[in-house]
Amino acid sequence: MSDLEIRELHDRREFVELYRLFDDIWQPEPGNPPVTVELMKVFSHTGGYVAGAYRDGELVGGSVGILASGGALHSHVTGALPGQGIGLPLKRHQRDWALARGITKISWTFDPLVRRNARFNLVKLGARPEEYLEDFYGVMADAINEGDRSDRLLAVWRLDEAAAPYPIEDATAGVVERDGMPVVGRAEGPVVLVATPYDIETLRRENPEAGRAWRMALREVLGGLMGEGARVVAFTDRGEYVLKLSESEQPG
């Protein structure tokens, strides 16, 4: 977007401004910020990625990443004011930054229950989840996570590969939605579909029991299958993860 400027941040005043923006977005309890000013300074100084997105001179988004093993960049936190279309330009800036330094892999974690994030990561960017991380951060006390368990998917964006479309044939329903609740089905191969709730953040506030039920259903099916070697190969328009089972998992 022509009025959007994204650039690296190096000055402590910029880090303070980004810290405050993240604080407004997540509204964490005191002592539980997504990232501190001091860590942003360290990451920037040691070659990591700290960037801000500005519109008409106002900071409206930002991203913080650290150099990881295997010559990768791990994007620790990315946040933006809602409804302004900042997420995709931020990730593209992150990609260009990585490629300019010979980095061809970017990883990050996301909540598998948040459908819009799954669609953004898998469909728009072409990243693929490679690991299910159970309760990765512990219970998170902020306005977005609502004290829920912090199960996460580790997304990996391979910048030198294009994610190929995957045909959905002979699929079984590992998790389906029925009256707003998850129902665990038969997770048999070669392809399994795992549904997600329409809006988990609202559900956590209005029906915490249903939110917990979705968490445990995806932990059991999505996490269980990935732990046994299944690969997430796509995400459907209906909000379902598409898993290809390994040969050893398939019946017969």
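The values are calculated or read from the model by the stated rules, or taken from the named source; none is laboratory data. Being a predicted model, the structure only gives us computed values, none of them experimental. Every residue, glycine among them, receives a Cβ derived from its backbone with ideal geometry; neighbour counts consider all protein chains shown. Side chains included, ligands, DNA and RNA excluded: accessible areas come from the protein's heavy atoms. Shrake-Rupley method; radii C 1.70, N 1.55, O 1.52, S 1.80 Å.
Scanning segment 171-182 for residues that are touching a residue at least 24 places away in the same chain (Cβ under 8 Å), over 17 Å from V232 (Cβ atoms) and part of a strand (DSSP E or B) yields M181, P182. Of the residues making up segment 201-217, those that are of a type outside the set (D, E) and either out of contact with any helix residue (DSSP H, G or I) (no Cβ under 6 Å at 6 or more places or on another chain) or on the phi > 0 side of the Ramachandran plot (or both) are T202, R205, N207, P208, R212, A213, W214, R215, M216, A217. If you go through segment 104-138 and keep only what is open to solvent by less than 40 Å² (accessible area, probe 1.4 Å) and closer than 20 Å to M216 by Cβ, you end up with T109, F110, D111, P112, L113, V114, A118, P129, Y132, L133, G138. Residues that are at pLDDT below 60 and aliphatic (A, V, I, L, M) were ranked within segment 125-148; the one that is nearest to Y166 (Cα to Cα) is I144.
Of P28, P33, all but one fail to be open to solvent by less than 30 Å² (accessible area, probe 1.4 Å), under 22 Å from the mean Cα position of the chain (by Cα) and farther than 20 Å from Q94 by Cβ; the exception is P28.
So, V192, is that one open to solvent by 30 Å² or more (accessible area, probe 1.4 Å), touching a helix residue (DSSP H, G or I) at 6+ places or on another chain (Cβ under 8 Å) and either farther than 27 Å from K105 by Cα or of a type in the set (V, I, T) (or both) or not? No, not satisfied. When L222 is tested against the conditions (1) surrounded by fewer than 21 Cβ atoms within 10 Å (Cβ to Cβ); (2) in contact with a Phe, Trp or Tyr (Cβ under 7 Å, 6 or more places away or on another chain); (3) among the aliphatic types (A, V, I, L, M), the lone failure is (1). All of A53, A68 fail the test of being closer than 27 Å to E201 by Cα and open to solvent by less than 70 Å² (accessible area, probe 1.4 Å), apart from A53.
Within segment 22-63, the residues that satisfy the criterion of being free of Cβ contacts under 8 Å to residues at least 40 places away in the same chain and either touching a His at 6+ places or on another chain (Cβ under 6 Å) or of a type in the set (S, T, Y) (or both) are T36, S44, T46, S63. Condition first: open to solvent by less than 20 Å² (accessible area, probe 1.4 Å) and in contact (Cβ under 8 Å) with a residue 60 or more places away in the chain. Now tell me which residues in segment 76-90 satisfy that. I86, L90, listed by residue number.
Restricting segment 155-170 to residues that are within 10 Å of R128 (Cβ to Cβ) and not β-branched (V, I, T), the residue that is most open to solvent (accessible area, probe 1.4 Å) is E161.
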